[in-house]
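Everything on this sheet refers to the single structure shown next.
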Amino acid sequence: MKIHVQDFDFYYGDTKVLHGINLDVPERQVTALIGPSGCGKSTFIRSINRMNDVIPEARGEGLIEVDGKNIYAPGTDVVALRRRVGMVFQKSNPFPKSIFDNVAYGLRIGGMRDKRALAETVEKSLNRAALWNEVKDRLHQPAMALSGGQQQRLCIARALAVDPEILLMDEPASALDPIATTKIEELIWELKENYTIVIVTHNMQQAARVSDRTAFFMLGRVVEYAETNTIFMNPKVKMTEDYVTGRFG
Amino acid sequence: MKRKIVSRLAEVFCAVCVLLALVPLALILFYVIKEGLTSLNLAFFTHLPKPVGETGGGMANAIVGTLILIGLAALFAVPVGCIAGMHLSEYPSTRFSSTVRFAADVLNGVPSIVIGLFAYGLLVLPVKRFNAVAGGFALGLLMLPIVVRTTEELLRLVPAGMREGALALGATRSRAVFSVILPAALPGILTGILVALARVAGETAPLLFTALNNQYFSTNIFQPIASLTVQVFTYANSPYDDWHRQAWAGAFLLVMIILTLSIVARLAVRRLERMNRA
């Protein structure tokens, strides 16, 4: 198991938002988290790279292991963790820099100075994110000039550049049009050959299309977690069936 | 019908108010340009003031002096103000931050003459000599609250997503601030600095007890130094026609410097924003 979560609780101040999450994410597969708004999917995915650390008064309890190491153990190097566990956000967030500098950002802060190596990794990452052909002639133009879908693929390229093992995606296509969404989904399909992917999505067809396993979240609990086919065709829990068939949520 | 009349009246009322607000500005500009331009010549930029009775002469020393003074002010206020602003935006709700914010707002309201007296006590009395450093420091103190507050406001306007993006790539907090958040806010901060500079370039009172004035050409920052504002003040108060004309020319130049700073600020912002947003 790439990620092992056991009895994980999460609090914002006194409010408990995650209750005893148990979830094992297998390596090089796509695991989708579905569920109605406010059910804790985003909070959970942001716990895996400790992005919630920046929120004051927020704290997690319990166990999350990446490759068998508890990431909440004292003395954990959060910077190193985040380089292994990349993240793509709901709203594309390119930096106000050139396309090239966006992709090179993580490499540069990691200490890579060699221009050749930088250029090679940037090209490789843009290729993997299926963006290279669209931007290769304007690498030094501002990233903000790209379309929404291109910006999101740029953010994926940026995350891939530092060569993570896990990619967390928090509703990566929810702000995109159908064509851009299709591109992102195809991309996820290709990326799982090399990366372990956890994706939060509101779109159940998307979960069905891209994921190998699906977890259904409800009110801060994992209601059901199984192979995606099982969740959609043959769920064990009535609530899951009601949700995936659109009877509520 | 009645509604249309009321609407029309309101429009006229608004237009009159706008005119009332603009008329003084237009008159000032018109007068300064009319009187200033005719008194302006090459000698004004290149010559030193002449003694009373002799015609001609210029304010070369005061032009250089003003530039040195606002340079010193920026040297003091920009680093301190930017770093303080950064602290306020990074730790917005600590007690220390609220105190600093309040102090900056109070400092912003302190009359400039009081700031001048403070700089006098701090930097003139101990060395028993008026000097440019004291003048620059006084102007810097006037700039400081503006720089602090604009830096804070603009840093907080940067979308939280950018910070998260940097952190998610393994940036430390300070790295994220310096390499992503600060550059994103830079165009605005730069304008804030230029606007603050333009404001203090026109100050006279804080210089009276600090930089004083100097009839000679001096770039020594430990000596009294001339400035356009004090020179205009002195000349305008004199009984000599010749000096009055020089004062007009000085006033014209001051207005032009301030105008240029504002225009440069705008252009810089437009350029940088094109880089940012395209």
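The values are calculated or read from the model by the stated rules, or taken from the named source; none is laboratory data. Predicted, not measured: the structure shown is a model, and the values here were computed from it. Positions of Cβ are generated from backbone atoms using ideal geometry, with glycine treated the same way; all protein chains shown enter the neighbour counts. Areas reflect the complete protein model, heavy atoms only, side chains present, ligands, DNA and RNA absent. Shrake-Rupley method; radii C 1.70, N 1.55, O 1.52, S 1.80 Å.
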Quiz item: Hey, among B:A62, B:A15, which residue is open to solvent by less than 60 Å² (accessible area, probe 1.4 Å) and more than 17 Å from B:L228 (Cα to Cα)?
Solution: B:A15
Quiz prompt | Residue that is farthest from A:Y105 (Cα to Cα) [pool: residues in region A:124-133 that are open to solvent by 70 Å² or more (accessible area, probe 1.4 Å) and either touching a Ser or Thr at 6+ places or on another chain (Cβ under 7 Å) or not basic (K, R) (or both)] | solution = A:N133
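Rundown of residues vs (1) open to solvent by 20 Å² or more (accessible area, probe 1.4 Å); (2) touching a Gly at 6+ places or on another chain (Cβ under 9 Å); (3) not hydroxyl-bearing (S, T, Y), yes/no style:
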{"site": "A:L176", "(1), (2), (3)": "yes, yes, yes"}
{"site": "A:L187", "(1), (2), (3)": "no, no, yes"}
{"site": "A:N194", "(1), (2), (3)": "yes, no, yes"}
{"site": "A:A208", "(1), (2), (3)": "yes, no, yes"}
{"site": "A:E227", "(1), (2), (3)": "yes, no, yes"}
{"site": "A:M233", "(1), (2), (3)": "yes, no, yes"}
Quiz item: Considering region B:39-68 alone, what residues qualify as being in contact with an Asp or Glu (Cβ under 9 Å, 6 or more places away or on another chain) and either in a helix (DSSP H, G or I) or small (G, A, S) (or both)?
Solution: B:G53, B:G56, B:G57
Quiz item: Does any residue in region A:87-99 that is on the phi < 0 side of the Ramachandran plot and more than 7 Å from chain B (Cβ to nearest Cβ) come within less than 6 Å, Cβ to Cβ, of a residue that is open to solvent by less than 10 Å² (accessible area, probe 1.4 Å) and assigned to a loop (DSSP other than H, G, I, E, B) six or more places away or on a different chain, and which pairs are these?
Solution: A:V88/A:P172
Self-check item: Residue, surrounded by the most Cβ atoms within 10 Å (Cβ to Cβ), within region A:102-117, restricted to residues that are within 20 Å of A:A129 (Cα to Cα) and in contact (Cβ under 8 Å) with a residue 24 or more places away in the chain
Solution: A:V103
Practice problem: Search region A:74-83 for residues being closer than 20 Å to A:L168 by Cβ and more than 9 Å from chain B (Cβ to nearest Cβ), and hand back the single one that is most open to solvent (accessible area, probe 1.4 Å). | Solution: A:D77
Practice problem: For A:G68, work out the one condition from (1) surrounded by fewer than 17 Cβ atoms within 10 Å (Cβ to Cβ); (2) touching a residue at least 24 places away in the same chain (Cβ under 8 Å); (3) within 14 Å of chain B (Cβ to nearest Cβ); (4) small (G, A, S) it doesn't fulfil. | Solution: (3)
Quiz item: Name the helices (runs of 4 or more DSSP H) wholly within region B:76-177 that hold at least 1 residues that are over 30 Å from A:K97 (Cα atoms) and without any contact (Cβ under 8 Å) to a residue 60 or more places away in the chain?
Solution: B:95-109, B:112-119
Quiz prompt | Candidate set from region A:134-152 (those that are away from chain B (no Cβ under 14 Å) and closer than 15 Å to A:I184 by Cα); member that is surrounded by the most Cβ atoms within 10 Å (Cβ to Cβ) | solution = A:G149
